[in-house]
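Enquirer: My questions all concern the structure below.
The values are calculated or read from the model by the stated rules, or taken from the named source; none is laboratory data. Nothing here was measured: the structure is a model prediction, and the numbers come from that model. Ideal geometry is used to build each Cβ from the backbone, glycine not excepted, and the neighbour counts take in all protein chains shown. For the accessible areas, the whole protein counts, side chains as well, though only heavy atoms, and no ligand, DNA or RNA atoms are used. Shrake-Rupley method; radii C 1.70, N 1.55, O 1.52, S 1.80 Å.
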Amino acid sequence: AQTVTQSQPEMSVQEAETVTLSCTYDTSESNYYLFWYKQPPSRQMILVIRQEAYKQQNATENRFSVNFQKAAKSFSLKISDSQLGDTAMYFCAFKLGQGAQKLVFGQGTRLTINP
Amino acid sequence: DTGVSQNPRHKITKRGQNVTFRCDPISEHNRLYWYRQTLGQGPEFLTYFQNEAQLEKSRLLSDRFSAERPKGSFSTLEIQRTEQGDSAMYLCASSPADREGYGYTFGSGTRLTVV
């Protein structure tokens, strides 16, 4: 079974700083997808960024980028120039390819951006 | 299309009562998922549908839980004889079948409190 581990329950940084959230996963498969989701307080979960395992290039979305290390099974999220609106729970998630549908989530990291 | 809609947003019920939640997915998405999220944890998979067919169920989905998607559009999740351990956020999500690795679009969830 696939597992996802986020080892940082909480993080806190000052506005405009860069922060990196860690995620490791365990699988014996080679075809899969990785995601970072953001869940602001009392609001719905939204997709931040996604990465296909077969792509070596790290995904980027504006201020958000990932460091995907396939051999190490690591998938960290970097948020540059952090903003107050980035305050949220961040979940790392894994999905097998080839038609599998279940997303497996980590325990989450609570990120607080301080003014 | 306004995204994935869930009703009600909050439900308080007495132990032993039955409750039903509704999810309206994005109309073009033929896959629909139910997840449960307890406080401070990542979402856990419950079940998913492709059109009206329920294709996978988690072992978390006890006999007291039943989900339906009769016409391949909206879905309902019913919990019979609720227990205090059922208190959680119930999340619905949808995705298109023809886009592998797309990720889900989540609704805002239904928060269930069993007293």
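Enquirer: If a residue counts only when it is farther than 16 Å from B:P96 by Cα and within 14 Å of another protein chain (Cβ to nearest Cβ), which strands (runs of 3 or more DSSP E) contained entirely in the stretch B:8-53 have at least 2 such residues?
Expert: B:31-37, B:44-50
Enquirer: Cβ-Cβ distance below 6 Å, separation of 6 or more or different chains: which pairs start in the stretch A:79-96 with a residue that is more than 14 Å from every other protein chain (Cβ to nearest Cβ) and end on one that is crowded, with 20+ Cβ neighbours inside 10 Å and charged (D, E, K, R)?
Expert: Close Cβ pairs satisfying both conditions: A:I79/A:D86.
Enquirer: Residues of the stretch B:93-113 being open to solvent by less than 50 Å² (accessible area, probe 1.4 Å), under 20 Å from A:M45 (Cβ atoms), over 11 Å from the mean Cα position of the chain (by Cα) and not polar (S, T, N, Q), which ones?
Expert: B:P96, B:G101, B:G103, B:Y104, B:L112
Enquirer: In this structure, does B:G40 turn out to be open to solvent by less than 30 Å² (accessible area, probe 1.4 Å) and at positive phi?
Expert: So B:G40 does not fit the description; no.
Enquirer: Taking the stretch A:69-80 on its own, how many of its residues are under 17 Å from A:V104 (Cβ atoms) and not in a loop (DSSP other than H, G, I, E, B)?
Expert: Of the residues in the stretch A:69-80, 3 are under 17 Å from A:V104 (Cβ atoms) and not in a loop (DSSP other than H, G, I, E, B).
Enquirer: Out of A:E17, A:E29, A:E61, I need the residue that is surrounded by fewer than 17 Cβ atoms within 10 Å (Cβ to Cβ) and free of Cβ contacts under 8 Å to residues at least 60 places away in the same chain. Which one?
Expert: Result: A:E61 is the single residue among A:E17, A:E29, A:E61 that is surrounded by fewer than 17 Cβ atoms within 10 Å (Cβ to Cβ) and free of Cβ contacts under 8 Å to residues at least 60 places away in the same chain.
Enquirer: Oh, and also: State all residues of the stretch B:70-113 that are part of a loop (DSSP other than H, G, I, E, B), of a type in the set (F, W, Y) and within 14 Å of another protein chain (Cβ to nearest Cβ); if no residue qualifies, say none.
Expert: Residues satisfying the conditions are B:Y102, B:Y104.
Enquirer: State which residue is most open to solvent (accessible area, probe 1.4 Å) when the search covers only the stretch A:97-115 and only residues that are assigned to a strand (DSSP E or B) and within 9 Å of chain B (Cβ to nearest Cβ).
Expert: Checking each candidate, the answer is A:R110.
Enquirer: So, one more: Just checking, which of A:Q8, A:Q2, A:Q69 is on the phi < 0 side of the Ramachandran plot and open to solvent by 60 Å² or more (accessible area, probe 1.4 Å)?
Expert: One residue alone meets the criteria, A:Q69.
Enquirer: Name the single residue, out of those in the stretch B:80-92 being among the aliphatic types (A, V, I, L, M) and under 11 Å from the mean Cα position of the chain (by Cα), that is surrounded by the most Cβ atoms within 10 Å (Cβ to Cβ).
Expert: Looking at the filtered set, the residue picked out is B:L91.
Enquirer: Could you tell me which residue of the stretch A:47-96 is nearest to the chain's Cα centre (by Cα), considering only residues that are of a type in the set (D, E) and under 15 Å from A:L21 (Cα atoms)?
Expert: Filtering the stretch A:47-96 for residues that are of a type in the set (D, E) and under 15 Å from A:L21 (Cα atoms), the one nearest to the chain's Cα centre (by Cα) comes out as A:D86.
Enquirer: Could you list, in sequence order, all residues of the stretch B:1-58 that are of a type in the set (G, A, S) and under 30 Å from A:Q8 (Cα atoms)?
Expert: Selection gives B:G40, B:G42, B:S58.
Enquirer: I would also like to ask the following. So which residues in the stretch A:11-58 are assigned to a strand (DSSP E or B), of a type in the set (V, I, T) and away from chain B (no Cβ under 12 Å)?
Expert: Within the stretch A:11-58, A:V13, A:V19, A:T20, A:T24 meet the criteria.
Enquirer: Hey, another quick one. Scan the stretch B:54-69 and give yes if some residue there is in contact (Cβ under 8 Å) with a residue 40 or more places away in the chain, closer than 30 Å to A:T5 by Cβ, open to solvent by less than 40 Å² (accessible area, probe 1.4 Å) and away from every other protein chain (no Cβ under 14 Å), otherwise no.
Expert: no
Enquirer: I'm checking my understanding of the structure. Among residues of the stretch B:1-37 that are of a type in the set (G, A, S) and either touching a Cys at 6+ places or on another chain (Cβ under 7 Å) or under 26 Å from B:Y102 (Cβ atoms) (or both), which one is most open to solvent (accessible area, probe 1.4 Å)?
Expert: The residue in question is B:S27.
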